[in-house]
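Asker: Following this message is one structure expressed as structure tokens.
The values are calculated or read from the model by the stated rules, or taken from the named source; none is laboratory data. Fair warning: this is a prediction, and the values are worked out from it, not measured in the lab. Here the Cβ is made from the backbone with ideal geometry for all residues, glycine too, and neighbour counts use every protein chain on show. Calculation scope for accessible area: heavy atoms of the full protein, side chains included, ligands and nucleic acids excluded. Shrake-Rupley method; radii C 1.70, N 1.55, O 1.52, S 1.80 Å.
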Amino acid sequence: MKFTSTTLLCLAYAASSSFAFSPCRSRAFVAPAATCRLAPALHMSEAAVEKKEEETFDFQADVGRVMDIIINSLYSDRDIFLRELVSNAADACDKKRFLSITSEDSKVAGELPSIKIRGDPENNVIILEDTGVGMTKDELKNNLGKIAQSGTRNFADALGKGGDDSVNLIGQFGVGFYSAYLIADKVEVITKSMQEGSPVYRWESDSCSSFTISEVENPDEDLFDGASSGSRLILHLKDDAMQYAESSKLDELLNHYSEFIEYPISIYKETTEYEKVLDVEANADLKEGDEPKMKTVPTTKSDYELLNSQKPLWLRSPKEVEEEEYKEFYKAAFRASYDEPQKWTHFSLEGQIECKALLYVPGMLPFELSKDMFDENARNIRLYVKRVFINDKFEDIMPRWLKFVRGIVDSNDLPLNVSREILQKSKVLSIINKRLVRKSLDMFRDLAADEDSSKYTMFWNNFGKYLKVGVIEDDRNRNDIVPLLRFQSSKSGDEYTSLDKYVEGMAEGQKSIYYVTGDGKENVEMSPVIEKLTSKGYEVLYSTEPVDEITMESISEYKDFKLVDSSKEGLDFEEDEDSKKQKSDLEEQYADVREFLESQLVGKINKVSVSTLLTNSPAALVQSAYGMSPTMQRYMKAQAVAQGGNTNESMNQAVLEINPNHPIIQDLNSMIKGKQEEEETKNFAMLIYDVASMTSGYDIDDASNFAQRVMSLMSSSSQETGVVQEAEVVEPLPVIEDDEPESIKPEVAAEVAAEVVAEVVEPSSKIEDDDEPEAIKPEVVA
């Protein structure tokens, strides 16, 4: 017989373009390029010619070519074949379960459908057998002989709108069976319908343009394990697909794609067990009354082993599932034996779409995300259609800032293409995405509201950086994410604080939320700019990661309070007239200092200004309103290095603020008036800049010159105080040959100590008569 179909060309087009074929969607037929010719322009008079005779023709196609497209172009991964065939078998089992309800045959009603799979490496075949509904001769011709003819869809249509909702049918496109030819060059189907008196038939094809059907005479009594109906597929493997005959490979694929199929799936395995038996040789000289000696010998057994013992928890009602069941399911489904989930949510969607989902917040950062927080190989959300695993690579199902959330989504409304590997963009996908994000945020809020604050602290330490990315990237949910952020601050100590707590504890008259950026808490606490705010009793949030700066800029405002970077110049504090006049007088008084520093630091800073807010620090470096923090500057330089760019390009220059009340600035003012052109004054000014750079989080550009300036300052200070004297060469003390401690006599030790003290003490502080060396006790010297 020949394969026949009126939809071959449409299916081929759908396969090659990766779009799902839909009979209701009209597509223009495009002729092959080799046969296309330019037609002359069509005039109205020609278009108006009256039609005389009209004939209707069916599209014709090269069936062999269409089969080639289905086999080699429709599926991207050969592993898919087992998913498709097991899904077909599950559909057959589900049909039998439904039909057996109304069957008068008690034997049929009592049968439990099942699926068995066996790999035979010796004969290079795979045998897949189900005890489902089976097929008649006509059904073999229609379901396997017509491409895109879905027997499952026809069965569902026959049920009509009043059909049983419990019928869990997977197939819909009518091409899943042909995935067998991805790994086989010949397929045999032995089947028996559950219709009374139906014979056993054999269907056979080598994937070309024809197939054969024959009746099986004298079938084996144990066919389908004695069941009244079923189907057996025998796949004769290609030479490059022999690995699929191994039970380990089949076990891997079944666990990946079909572990939650409703019906029992068993796989034929060889297992080695060890038994203790009598050791004949060792017991040859065994005496009466002695215990016989045993030995361990391996025994190999071959039998079918149940594979899908794990039940699809998400299909049950949340009220029926215990807490321990959720935990065990998480460990088994996501291969996380050593991780216990912090939180989970189990829900279903009804209305426009139907969807069941189960989401988890891991107890620890998944290993695959420890090196790359957005690792493409990290599969967090697994998509199922009626218990059958489809894919875990769909990026649009969850935003990437929720990469750490693990879960399962099962929906019949997912817009899949024919191969069920590609998820097309649609309104359905958008609805599922919104609900998953909303449910994830609900889990985070529950953790934050828990009486045990350590739970959210652990969550934040593991996944806080993902929420920060969410603030940056997710405009729609930003306002819901911001209250979940946590920060360390100048008042929180070792604990975290939230923006809500910050607002509650704001000082009277405070009109903004202040933060400072830096590398780590310790470095941020050293920043002089904090002095400006703590002196007024304001709390300062610490932003200690590179992403924090962008996060803060994305928030901009919270509860009518603007977020202000305290490391930027021009902090807006309300000042009275006296304060303004004092600052104006100081600027005029230290005008020479400002001019001198600006001249010495050309190319390093933008300008010098006087600050009345600094308390303990002589100076600080701040950025202009649109400047880049030192942390971000280092990040940008690292990016330039990674991309092979020029790292010597100067970043935006900072503003140097000086504290006129600090002794160091006052000393500089005096030095400028007396010895402005001397090298000592210039080094002093450069040291002020260097110290301000380090305490403000910047790097020292020239560490060698910085070290020389420090040593020069130390040397000049020592010369003024007379502390450093010319070193005197001292002869080494005689070596005592006897190393035993008891050989050192007390009087000898005292005499040596007295000589050392006499050489070190200055002449003006000679030892008095009452301080004779013998006063030094021997035990003290020892």
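Asker: Looking at region 153-166, is at least one residue among the hydrophobic types (A, V, I, L, M, F, W, C), open to solvent by less than 20 Å² (accessible area, probe 1.4 Å), modelled with pLDDT under 90 and touching a helix residue (DSSP H, G or I) at 6+ places or on another chain (Cβ under 9 Å)?
Answerer: For region 153-166, residues among the hydrophobic types (A, V, I, L, M, F, W, C), open to solvent by less than 20 Å² (accessible area, probe 1.4 Å), modelled with pLDDT under 90 and touching a helix residue (DSSP H, G or I) at 6+ places or on another chain (Cβ under 9 Å): absent.
Asker: Continuing with the same structure: Hey, any hits in region 59-81 for a residue that's at pLDDT 75 or above, outside any loop (DSSP other than H, G, I, E, B) and crowded, with 23+ Cβ neighbours inside 10 Å?
Answerer: yes
Asker: Tally time: how many residues in region 681-712 are open to solvent by 80 Å² or more (accessible area, probe 1.4 Å) and part of a helix (DSSP H, G or I)? Outline the logic, then answer.
Answerer: Within region 681-712, the subset open to solvent by 80 Å² or more (accessible area, probe 1.4 Å) is 694, 699, 701, 708, 711.
Subset that is part of a helix (DSSP H, G or I): 694, 708, 711.
So the count comes out to 3.
Asker: Exactly one of these conditions fails for Ala654: (1) under 26 Å from Gln582 (Cβ atoms); (2) modelled with pLDDT of 85 or more. Give me its number.
Answerer: (2)
Asker: When region 354-382 is examined, which residues are found to be over 26 Å from Glu324 (Cβ atoms) and open to solvent by less than 10 Å² (accessible area, probe 1.4 Å)?
Answerer: Within region 354-382, Leu369, Ala378 meet the criteria.
Asker: Which pairs do you get when a residue that is under 15 Å from Asp94 (Cα atoms) and open to solvent by 50 Å² or more (accessible area, probe 1.4 Å), found in region 109-125, comes within reach of a residue that is at pLDDT 95 or above and not in a strand (DSSP E or B), reach meaning Cβ atoms under 8 angstrom, with the pair 6+ apart or on two chains?
Answerer: none
Asker: Does Pro341 satisfy being within 12 Å of the chain's Cα centre (by Cα) and either open to solvent by 30 Å² or more (accessible area, probe 1.4 Å) or closer than 23 Å to Ala448 by Cβ (or both)? Break it down stepwise before answering.
Answerer: On the way: within 12 Å of the chain's Cα centre (by Cα): no; either open to solvent by 30 Å² or more (accessible area, probe 1.4 Å) or closer than 23 Å to Ala448 by Cβ (or both): yes.
Here the answer is no, as Pro341 does not meet what is asked.
Asker: Something else: Could you grab me the full set of residues in region 281-296 that are surrounded by 10 or more Cβ atoms within 10 Å (Cβ to Cβ) and of a type in the set (Gly, Ala, Ser)? Full working, then the answer.
Answerer: In the first step, residues of region 281-296 are kept if they are surrounded by 10 or more Cβ atoms within 10 Å (Cβ to Cβ); the result is 282-283, 286, 292-295.
Ala282, the sole residue that qualifies.
Asker: Could you tell me which residue of region 207-217 is surrounded by the fewest Cβ atoms within 10 Å (Cβ to Cβ), considering only residues that are at pLDDT 85 or above and not aromatic (Phe, Trp, Tyr)?
Answerer: Within region 207-217, the match that is surrounded by the fewest Cβ atoms within 10 Å (Cβ to Cβ) is Glu217.
Asker: Here is a follow-up. Taking only pairs six or more apart or across chains, which ones have beta-carbon atoms under 8 Å, a first residue in region 458-479 that is open to solvent by 40 Å² or more (accessible area, probe 1.4 Å), and a second residue that is β-branched (Val, Ile, Thr)?
Answerer: Pairs that qualify, where the first residue is open to solvent by 40 Å² or more (accessible area, probe 1.4 Å) and the partner is β-branched (Val, Ile, Thr), are Lys465/Val547; Ile472/Val547; Ile472/Ile550; Ile472/Thr551; Arg478/Val471; Arg478/Ile555.
Asker: Sticking with this one: Only one of (1) exposed (fewer than 14 other Cβ atoms within 10 Å of the Cβ); (2) over 30 Å from Val125 (Cα atoms); (3) at pLDDT 60 or above fails for Leu99. Which number is that?
Answerer: The one condition Leu99 does not meet is (1).
Asker: Let me ask something else about it. Any chance you could count how many residues in region 311-336 are in a loop (DSSP other than H, G, I, E, B) and under 22 Å from Pro366 (Cα atoms)? Explain how you work it out, then say what you get.
Answerer: Initial filter on region 311-336 (in a loop (DSSP other than H, G, I, E, B)): 311-312, 316-317, 321-322, 334-336.
Narrowing further to those that are under 22 Å from Pro366 (Cα atoms): 334-336.
Looking only at that region, the number is 3.
Asker: One residue is enough: does region 310-321 have a residue meeting the conditions at pLDDT below 85 and either under 19 Å from Asp410 (Cα atoms) or open to solvent by 40 Å² or more (accessible area, probe 1.4 Å) (or both)?
Answerer: Scanning region 310-321, I find at least one residue that is at pLDDT below 85 and either under 19 Å from Asp410 (Cα atoms) or open to solvent by 40 Å² or more (accessible area, probe 1.4 Å) (or both), so the answer is yes.
Asker: Sort through His236, His256 and tell me the only one that's at pLDDT 85 or above, under 16 Å from Leu128 (Cβ atoms) and out of contact with any Cys (no Cβ under 6 Å at 6 or more places or on another chain).
Answerer: None of the other options fit; the residue is His236.
Asker: Can you name the residue in region 249-277 that is touching a residue at least 60 places away in the same chain (Cβ under 8 Å) and open to solvent by 70 Å² or more (accessible area, probe 1.4 Å) and, of all such residues, is farthest from the chain's Cα centre (by Cα)?
Answerer: Residues of region 249-277 touching a residue at least 60 places away in the same chain (Cβ under 8 Å): 249-250, 253-254, 256-268.
Checking the rest, the ones that are also open to solvent by 70 Å² or more (accessible area, probe 1.4 Å) come to 256, 262.
On the way: His256: 20, Glu262: 30 Å.
Top of the filtered list is Glu262.
Here's the yes/no breakdown for (1) of a type in the set (A, V, I, L, M); (2) part of a helix (DSSP H, G or I); (3) at pLDDT 95 or above; (4) within 26 Å of Ile353 (Cα to Cα):
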site: Lys425; (1), (2), (3), (4): no, no, no, yes
site: Leu429; (1), (2), (3), (4): yes, yes, no, yes
site: Ile432; (1), (2), (3), (4): yes, yes, no, yes
site: Met443; (1), (2), (3), (4): yes, yes, yes, yes
site: Ser454; (1), (2), (3), (4): no, yes, no, no
site: Phe459; (1), (2), (3), (4): no, yes, yes, no
site: Asp475; (1), (2), (3), (4): no, no, no, yes
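Asker: When you go through (1) at pLDDT below 80; (2) assigned to a loop (DSSP other than H, G, I, E, B); (3) among the acidic types (Asp, Glu); (4) open to solvent by 90 Å² or more (accessible area, probe 1.4 Å) one by one for Asp738, which number turns out not to apply?
Answerer: It fails just one condition, (4).
Asker: Then there's this: Of all the residues that make up region 215-263, how many are of a type in the set (Val, Ile, Thr) and closer than 24 Å to Val385 by Cα?
Answerer: Residues flagged as of a type in the set (Val, Ile, Thr) and closer than 24 Å to Val385 by Cα within region 215-263 amount to 1.
Asker: Mind checking whether some residue in region 539-548 is over 30 Å from Lys675 (Cα atoms) and open to solvent by 70 Å² or more (accessible area, probe 1.4 Å)?
Answerer: Filtering region 539-548 down to residues over 30 Å from Lys675 (Cα atoms) leaves 539-548.
Cutting the leftovers down to open to solvent by 70 Å² or more (accessible area, probe 1.4 Å) gives us 545.
The answer is yes; a qualifying residue exists.
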